[in-house]
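Okay, structure first, notes after.
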Amino acid sequence: MDKPKVSIVIPAKSFNKNLKECLKHCLDLDYPDFEIIVLPDSSFNAPHPKVKVIPTGLARPAEKRDIALSYCKGEVLAFIDDDAYPANDWLRNAIKYFQDSKVAAVGGPAVTPETDGLMQKASGLVYSSSLCSGNLAFRYVPKKQREVDDYPSCNLIVRKSILEEIGGFDTNFWPGEDTKLCLQITNDLRQKIIYAPDVLVYHHRRPLFAPHLKQVWRYALHRGYFAKKFPQTSLRVTYFIPTLFVLGLIFGLIAAWFNPISRILCIAVLAIYLFSALLAGLQGRNPRIVLAVSLGIVVTHICYGLGFLKGLFSRRLKEEKI
C-alpha cells in the first residue's frame, strides 16, 4: 500500500458549479496514480481524460457508489460529495494510514470553505460548535487522530477489497448509508476506521436557516430510526440529548405556567443555555453572524430533537429496502 491506485468516486445529480470545482481540485491532487469516477443522473462530457462519467439514471448516492464499484480500477476508493473538494494532499495523507493492514477506512474533517457566504459560514460554525455537535465536532474541524465506528461518506476512503467483501453500501438510505457501511466494517469484519485530521476536504454548507434545518431534520430522522435499526452505533446518549432538551423545554414551560418555583428554575436554565449559545456564536469571531450562529444552535437543537423523535417512532423509512 505504498502508492496504490486510487479511484475517486463522486455521486452527483448533474454537472454543476460545485462539481466543476471539485473536479478541478481532484485533478490537481499531489498523488501519482488516481482516476475519477463521476456518477450523474445523465451523461455530460468529461473535462479531462482522468475523469470517467458513468450516467446512472435516477438513483440515490449509495446506489451510485455501489455502481461505481464495478468500474473502479483502484485498490482504494475515495468517496467525496460533489459539493466538496479536497485539499491538495488529501490522498497522499490518507494512504499512509493504510500501512496498517487492520485499517479498512480513513476519514477526515469536512471544513467550511472561506469562499462560502456569510450564512453558509454561520451554518458551518453551528456544526463545528461543541455546544451543537458535542463530541462529534471533529467531523467539521481538524481534531486529534482517533478510531471511529461511524463516519460520513463526504470524506471517506476505503479499501476496495473491504467494500467487495461486505457487498458495498447495499442500501437506499440517504443520509445514513455510511452508518450501515461503517458498522459492517467495525462490527462484522472487526477492522479499523481512522479519523485523521490531515485528510481534509472543504465542504460547502447549506445556508442558515431553512436549507440548513432541512438537512438537520433529515440527519435527525435517520439517526432516530437507526437508534432502533443499528443500535450498535446509533443508540447513544449523545444522539438523544437534543430530544431530551426539547422534551425538557416543553414540560418545563408547562410546569412554569402552574408553579412559581418551576418558573424561576425554567428561566434560570434557559438563561444559562441562551448565554452558552451566545458564547458559542462569539467563538466564530465574526460579529456579523454572531446572532445568526447563536440562534442557529438553538433551532438546530430543536429541529434535531423533533426529527430524532419522529425517526425513533417511525415503523419504516421510505428509503429502506424491503
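The values are calculated or read from the model by the stated rules, or taken from the named source; none is laboratory data. Since the model is a prediction, treat every value here as computed from it, not as a measurement. Cβ placement follows ideal geometry from the backbone for every residue including glycine, while neighbour counts extend to all protein chains displayed.
Summary of values
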item: Where Val290 falls short, out of the listed (1) surrounded by fewer than 18 Cβ atoms within 10 Å (Cβ to Cβ); (2) among the hydrophobic types (A, V, I, L, M, F, W, C); (3) free of Cβ contacts under 8 Å to residues at least 60 places away in the same chain; result: (1)
item: Test: Ile250 is of a type in the set (A, V, I, L, M), under 20 Å from Phe308 (Cβ atoms) and either out of contact with any strand residue (DSSP E or B) (no Cβ under 7 Å at 6 or more places or on another chain) or modelled with pLDDT under 90 (or both); result: yes
item: Unique residue being at negative phi and without any contact (Cβ under 8 Å) to a residue 40 or more places away in the chain when the list is Ser161, Ser133; result: Ser133
item: Count of residues meeting criterion [over 20 Å from Glu21 (Cβ atoms) and touching a Pro at 6+ places or on another chain (Cβ under 7 Å)] in segment 75-94; result: 2
item: Members of segment 231-269 found to be over 29 Å from the mean Cα position of the chain (by Cα) and either in contact (Cβ under 8 Å) with a residue 60 or more places away in the chain or surrounded by 13 or more Cβ atoms within 10 Å (Cβ to Cβ) (or both), listed by number; result: Gly252, Leu253, Ala255, Ala256, Ser262, Arg263, Leu265, Cys266, Val269
item: Long-range neighbours under 9 Å by Cβ, at least six apart or interchain, first residue in contact (Cβ under 8 Å) with a residue 60 or more places away in the chain within segment 39-60, second crowded, with 17+ Cβ neighbours inside 10 Å; result: Arg60/Pro11; Arg60/Thr171; Arg60/Asn172; Arg60/Phe173; Arg60/Trp174; Arg60/Glu177
item: Residue satisfying all of: in segment 204-230; part of a helix (DSSP H, G or I) and among the hydrophobic types (A, V, I, L, M, F, W, C); surrounded by the fewest Cβ atoms within 10 Å (Cβ to Cβ) among these; result: Ala210
item: Filter result for the condition that a residue is assigned to a loop (DSSP other than H, G, I, E, B) and not acidic (Asp, Glu), over Ser123, Ser101, Ser133; result: Ser101
item: Of residues in segment 155-191 being under 14 Å from Ala68 (Cα atoms) and among the acidic types (Asp, Glu), the one surrounded by the most Cβ atoms within 10 Å (Cβ to Cβ); result: Asp170
item: Number of the condition not met by Asp188 [criteria: (1) free of Cβ contacts under 8 Å to residues at least 40 places away in the same chain; (2) at positive phi; (3) not aliphatic (A, V, I, L, M)]; result: (2)
item: Sole exception among (1) β-branched (Val, Ile, Thr); (2) surrounded by fewer than 21 Cβ atoms within 10 Å (Cβ to Cβ); (3) over 14 Å from the mean Cα position of the chain (by Cα); (4) over 23 Å from His204 (Cα atoms) for Thr115, by number; result: (4)
item: Residue within segment 28-50 that is part of a helix (DSSP H, G or I) and either of a type in the set (Gly, Ala, Ser) or buried (at least 21 other Cβ atoms within 10 Å of the Cβ) (or both) present; result: no
item: Total residues in segment 54-82, condition touching a Lys or Arg at 6+ places or on another chain (Cβ under 9 Å) and charged (D, E, K, R); result: 3
item: Any chance Ser14 is closer than 18 Å to Tyr71 by Cβ, out of contact with any strand residue (DSSP E or B) (no Cβ under 8 Å at 6 or more places or on another chain) and in a loop (DSSP other than H, G, I, E, B); result: no
item: Filter result for Ile67 (part of a strand (DSSP E or B) and either free of Cβ contacts under 8 Å to residues at least 60 places away in the same chain or touching an Asp or Glu at 6+ places or on another chain (Cβ under 9 Å) (or both)); result: no
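Matching residues to (1) in contact (Cβ under 8 Å) with a residue 60 or more places away in the chain; (2) surrounded by fewer than 17 Cβ atoms within 10 Å (Cβ to Cβ); (3) of a type in the set (Lys, Arg):
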position	(1), (2), (3)
Ile272	no, yes, no
Ala277	yes, no, no
Ile297	yes, no, no
His301	yes, no, no
Gly305	yes, no, no
Leu312	yes, no, no
Lys318	no, yes, yes
